Every structure is written in C-alpha cells, then in structure tokens.
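Step one of this worksheet: look at the structure below.
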Amino acid sequence: MLILLPPSEGKAEAGTGRRLDLSRLSLPELTPAREEVLAALVALCAGPDEAAARAALGLSEGQGGELRRNARLRVAATAPADRIYTGVLYEALDLASLPPAAARLARRSVLVSSGLWGAVRLTDRIPPYRCPVGAKLPGIGALSAYWRRALVPAMAAAAGRGPVLDLRSGAYAATWAPRGEVAERTVTVRVLHERDVDGVPTRSVVSHFNKATKGRLVRDLLTAGVRPRTTAALVGALRDLKYTVEEQPAPAGRPRQVDVVVTEL
C-alpha cells in the first residue's frame, strides 16, 4: 500500500545533519525537476526584490526570515522528512513514537507531497523550507502545473501494484491525479465533522478535524500492520479499526471515494 500525505506549513526550525544532497533523495527520476525548482527558489529568495519573493510565496511582510532560510537551502543542515514536517496531521500521526514494526512500514509506505521536492519519503534528508505548491517561481511558473508534468512516471512507479490511500489536500492532489488502473485501486478520504444543530445532525468539513483524523487514521493503519491488497480490503480495514466510513459513488476509472465521519477530535 502507498499512503500519500500532504506536507505541513509548519516545519522544524533547523536540521541537524549533513547538507542537502538531491542525488540521495527517493524517486531519483525527480532529481532534474527538483534541481530546477530549487535553483529558481534560491535565486528568488536571495535576490534583491524581497517584495516580489514574498508575493510569490504568499508570505507577509514580517516573514522575511523565511526568505533568508530559503536562500541558504543548499548549505543548510538537513534532517529526515519525518522530523521536518510538523503541524496537526503530523502531531496526530506522532511518527517518533510508532512501534518499530509500524515505523518500518511507514518508511516503506508513506510519500509526502511537496511544492519543492515533488514527493519525498519519510527518511529523505531535507532542510526546513517554505515553498507552497501554490507558489509561482520565475522560469518555472505555477508549481502545481510544473509538478503535474514531472510527477506522472515517478508516482505511477511508486504506486506499484497495491492500493493507494490518497490523503493529500486539494492543491497537492492536483499535482498528480491517478489515471487508469492506478485510479481504480486508489482510495481518497474526506473527513466530515458531524454535530447536532438544533436537533438536526449536520456535517461539515473542518480543517483541524480533517488533519487530525487523517494523522490518527494513518497511525492506526501502521500500528495494526495493515497490508491490504485491494481497495475493498483497505476500506474494510478502516471499519475494523472502528472508523465510521461511508462510500460515495465514483465514476468508472476514478478513485474510490469515502467519507470518514467523526463527532469529536
């Protein structure tokens, strides 16, 4: 099973080890694309037009430190991606406390989407950075469109022959959309918060519930050692783990869509 996660806006303050080496990252076929995006990002953030750089990355006037950090990405200390990404989803997943067998399964199964790297595994050593997938970089353009072109062969290979659990947010999901038989063995998840409003059950999508639930869901799958061979087995595993799962109709050739309904965090 391949598990696709979004990155987090929040990241560790600093790495702890050697400098970045793109050639040592997973999915080596992405190295040329990563080099191109990295070069554009570093040049933009090291350049004289701070206002333009902030606008391209969606930063406020008080976030100049993010630009200075980006400008030093090639010489900055790195850490495994599982220590770089923070935030609600990763706090709920709590990778550091996984039992050894679950941690090994996470290292094999999880890919994290990224506006800068395309996708990385949890063991890939990267520096803290700021590069949302919605950014537009000089010479590159919109990163979402750039990665849509670059990711197809790498992600199709990473998907292998088993099911794909796609938990990416919309912007990152747009960088690679499974097609054909890969789509037919992909499950996408939407988290709905159900609450009582004047005696009427009401459901809505709430970001915090969505991220925390997805983090817990992945943790539970990894801890249980779930290795489904089909999407039906994956959905069944979620129900076995006591998640309230409702399937939604999906057109032929498109991913299987499920709602996970929660009533509390």
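Odds and ends about this structure:
- Residues that are touching a strand residue (DSSP E or B) at 6+ places or on another chain (Cβ under 8 Å) and not in a strand (DSSP E or B), drawn from the range 74-92: Arg74, Val75, Ala76, Thr78, Ala81, Ile84, Thr86, Leu89
- The single residue among Arg239, Arg195 that is part of a strand (DSSP E or B) and over 23 Å from the mean Cα position of the chain (by Cα) turns out to be Arg195.
- Residue satisfying all of: in the range 120-172; β-branched (Val, Ile, Thr) and surrounded by 17 or more Cβ atoms within 10 Å (Cβ to Cβ); nearest to Gly17 (Cα to Cα) among these: Ile126
- A Cβ distance below 7 Å, combined with a sequence gap of six or more or placement on separate chains, defines the contacts here; from the range 28-46, residues that are more than 19 Å from Leu67 (Cβ to Cβ) and touching a residue at least 12 places away in the same chain (Cβ under 8 Å) reach residues that are small (Gly, Ala, Ser) and open to solvent by 10 Å² or more (accessible area, probe 1.4 Å) in the pairs Leu30/Ala150; Ala33/Ala150.
- Test: Arg229 is of a type in the set (D, E, K, R), without any contact (Cβ under 8 Å) to a residue 60 or more places away in the chain and farther than 18 Å from Leu93 by Cα: no
- The range 204-240 - residue that is surrounded by fewer than 17 Cβ atoms within 10 Å (Cβ to Cβ) and touching a strand residue (DSSP E or B) at 6+ places or on another chain (Cβ under 6 Å) and, of those, farthest from Ser109 (Cα to Cα): Ser204
- Selection from the range 241-251 of residues that are open to solvent by 70 Å² or more (accessible area, probe 1.4 Å) and without any contact (Cβ under 8 Å) to a residue 12 or more places away in the chain: Lys242, Pro249, Pro251
- Residue in the range 77-97 that is nearest to the chain's Cα centre (by Cα), counting only those that are aliphatic (A, V, I, L, M) and open to solvent by 20 Å² or more (accessible area, probe 1.4 Å): Val88
- Identity of the residue in the range 252-265, of a type in the set (A, V, I, L, M, F, W, C) and under 22 Å from the mean Cα position of the chain (by Cα), that ends up most open to solvent (accessible area, probe 1.4 Å): Leu265
The values are calculated or read from the model by the stated rules, or taken from the named source; none is laboratory data. Being a predicted model, the structure only gives us computed values, none of them experimental. Glycine also receives a Cβ, built like all others from the backbone with ideal geometry; neighbour counts cover every protein chain displayed. All accessible areas refer to the heavy atoms of the entire protein, side chains included, with ligands and DNA or RNA removed. Shrake-Rupley method; radii C 1.70, N 1.55, O 1.52, S 1.80 Å.
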